[in-house]
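Shown next, in structure tokens, is the structure this report addresses.
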Amino acid sequence: RGRIRHAYYWLAAAGFATLATPLLGALLRVPRPHLGLGLTLPWSFPSGPVLLATCVYGFLAISTARVLPERTRWLPFALASTLVAGAASSRVYLGAEWLTDVLGSIALGLAWVSALGLAFHRHSGLDRGRRLDAAVPVLTLVAGLAVQGWLFGESDLARYTPAPRVETLTRADWLADGWRRLPARRAALRQREGHSMTLQYAGDPADLAAIMEGLGWQQAETLDWDNALRLLSPSLPLADLPLIPQVVEGRQEAIALVNPGRDGKRRVLRLWPTRFRLAGGPPLWVGYVANLRRGSILDLIAFPATDSQAGGLSLGDRADLEAVNDWLPACQRLLLLPPAPSLHAGSEPHSRGVSVTRP
């Protein structure tokens, strides 16, 4: 009988969050940030995931702490606070709800859990010394989260990916000066200016990769679970170390090609998508060609580092890339750009010339 009452309390904890989210949302009608996320409800308050996390983890802490020794009863509350804080910060980071609405959802959940906890301690007939009664909901919750992540992880992640805002350029505008609107540099945490984007491409990256492979370039082996242990072998040559992926504006590179180079230096070509495309034509991509060098951390981890100080394209790389346009379909084009001027040298970031091999 006591366990049935315990189950009712769990139902009340989760059921409140499940019902309050759509009902209060429809009543108060607080809009979400306009980021184009594919979420089910359009309202920012209350935040369903945060309210549910507060109610479930909060009541889990209450029901678990009562069977623990007094000196360790703070542990479930500390863990629940960490999980709720993680859920709340993720909602703000993803732009799903406003910060004030997330904080209000936590307050609403705490108020409900507090009332529920008082009633639970007063009326529950469970033996305070039986830890099995606390272990069962913990194991059930962990199993449920694991199954949900396995079944719906990718689809849930896709819902929080903002819909890309596509901007269209005519071919003439892009070749004239529209290329200046595309990213000129790749931001990097440890570098003040990042890598200069020396390539712009209109077309299918697969076509570009096929042509470059015919010129001696090859698909780079990028870092994954199968080759990550190689980074722990500093004695390996640079060519055997997996290439670490990079992102531009939150998007991973579409292609990464490597070439030993005519001067003996290993080179890498990377290409990323942008929000631009040609009117009635292919999307636009940005990228660069740069030297690779061996980087190390405490002489224990070795990795291929991209040299951001390389001064543009070498003569051999420029010859290869200028030849690409002769092989591409007429609707596709590759632009070669000099490095963007240093932002600390007092020059305009977009005062770059452009090299086009065909009109």
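Within the range 45-60, the set of residues being at pLDDT 90 or above and either more than 14 Å from S89 (Cα to Cα) or not assigned by TED's automatic domain parsing to the domain that holds G95 (or both) comprises F45, P46, L52, C55, V56, Y57, G58, F59. Per the conditions (1) of a type outside the set (S, T, N, Q); (2) under 14 Å from P304 (Cβ atoms); (3) part of a loop (DSSP other than H, G, I, E, B), the sole criterion not satisfied by D224 is (2).
Among the residues making up the range 233-252, none is in a strand (DSSP E or B), modelled with pLDDT under 90 and under 16 Å from R267 (Cβ atoms).
The criterion of being touching a helix residue (DSSP H, G or I) at 6+ places or on another chain (Cβ under 7 Å) and either modelled with pLDDT of 90 or more or buried (at least 21 other Cβ atoms within 10 Å of the Cβ) (or both) holds for L108.
Yes or no, residue by residue, for (1) modelled with pLDDT of 80 or more; (2) closer than 30 Å to G38 by Cα; (3) of a type in the set (A, V, I, L, M):
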{"position": "L116", "(1), (2), (3)": "yes, no, yes"}
{"position": "R130", "(1), (2), (3)": "no, no, no"}
{"position": "V138", "(1), (2), (3)": "no, no, yes"}
{"position": "W174", "(1), (2), (3)": "yes, no, no"}
{"position": "A187", "(1), (2), (3)": "no, yes, yes"}
{"position": "M212", "(1), (2), (3)": "yes, no, yes"}
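Filtering the range 243-285 to residues that are free of Cβ contacts under 8 Å to residues at least 24 places away in the same chain and either in contact with a strand residue (DSSP E or B) (Cβ under 6 Å, 6 or more places away or on another chain) or buried (at least 18 other Cβ atoms within 10 Å of the Cβ) (or both) leaves P245, R251, P273. Note on the range 65-89: residues that are touching a Pro at 6+ places or on another chain (Cβ under 8 Å) and polar (S, T, N, Q) amount to 0.
Would you say L238 is over 28 Å from V166 (Cα atoms) and in contact (Cβ under 8 Å) with a residue 60 or more places away in the chain? I'd like the intermediate steps shown before the answer.
Values: over 28 Å from V166 (Cα atoms): yes; in contact (Cβ under 8 Å) with a residue 60 or more places away in the chain: yes.
Taking the combined requirement at face value, the residue satisfies it.
Of all residues in the range 291-301, none are of a type in the set (K, R), surrounded by 13 or more Cβ atoms within 10 Å (Cβ to Cβ) and at pLDDT 90 or above. Scanning the range 9-67 for residues that are among the hydroxyl-bearing types (S, T, Y) and closer than 12 Å to E97 by Cα turns up S44, S47.
The values are calculated or read from the model by the stated rules, or taken from the named source; none is laboratory data. Note that the structure is predicted; figures quoted are calculated from it, not measured. Reconstructed Cβ throughout: ideal geometry from the backbone, glycine too, with neighbour counts over all protein chains shown.
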